[in-house]
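Trainee: Input: one structure, supplied below.
The values are calculated or read from the model by the stated rules, or taken from the named source; none is laboratory data. None of these values were measured; they are calculated from a predicted model. In this analysis, Cβ positions are derived from the backbone assuming ideal geometry, glycine residues included, and neighbour counts consider all displayed protein chains. Quick note on the areas: whole protein, heavy atoms, side chains included, nothing else; ligands and nucleic acids left out. Shrake-Rupley method; radii C 1.70, N 1.55, O 1.52, S 1.80 Å.
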Amino acid sequence: QLVFHGYERGRLVAVVPFVCKLLAPCATSRVFRPPNPWTVALLALLAEVYQLPDLKLNLKFEVEVLCKALSINLDDIEPSTHLRNRRMVVRTNNSGFKERGAADAFAPGAPRAAGAASGSTA
């Protein structure tokens with residue numbers, strides 16, 4: 001629920017590191033170590049978050065560090081599909097996603113201003 005709430009409210013930047021730090025001790029637990037269904041379900045949700053476009057690198061790094069601590073390859077985790085059905089209400093500067101700036105204006109397929117295509121400089 002916390003990850004869903006963070007995604008919908010644009011607070012993944014706070015939620016993902018918290019959940020990763022919470023799951024890290026599962027590596028030494030007898031009960032919560034994978035293949036525990038609860039742990040595996042949360043890892044699948046984090047794998048889905050990891051694959052979100054424009055996710056900040058520090059959040060991807062948190063998920064990678066967690067997988068390393070649990071001795072799991074991130075590619076071996078089947079991402080969930082829960083976030084696909086949810087809408088992000090707010091996308092703020094603290095949302096956990098990269099801001100689209102001037103560098104994105106020249107990305108392939110990005111719309112260009114009329115004067116930008118001519119190659120002239122003013």
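Trainee: Limited to region 1-50, what total is found for residues that are in contact with a Lys or Arg (Cβ under 8 Å, 6 or more places away or on another chain) and either in contact (Cβ under 8 Å) with a residue 60 or more places away in the chain or over 19 Å from Ile77 (Cα atoms) (or both)?
Mentor: Residues that pass the stated criteria total 6.
Trainee: Being charged (D, E, K, R) and closer than 16 Å to Lys56 by Cα is the filter here; which residues of region 10-32 pass it?
Mentor: Filtering region 10-32 for residues charged (D, E, K, R) gives 11, 21, 30.
Listed by number, the list holds a single entry, Arg11.
Trainee: Report, by residue number, each residue of region 12-56 that is open to solvent by 60 Å² or more (accessible area, probe 1.4 Å) and under 11 Å from the mean Cα position of the chain (by Cα).
Mentor: Gln51, Pro53
Trainee: While we're here: Got a sec? Which helices (runs of 4 or more DSSP H) wholly within region 1-50 have at least 3 residues that are at pLDDT 90 or above and not hydrophobic (A, V, I, L, M, F, W, C)?
Mentor: Numbers: elements: 2-9, 12-23, 37-50.
It comes to 37-50.
Trainee: Moving on. Here is a list of conditions, (1) at pLDDT below 85; (2) open to solvent by less than 60 Å² (accessible area, probe 1.4 Å), and Arg87 meets all of them except one; can you say which number that is?
Mentor: Unmet condition: (2).
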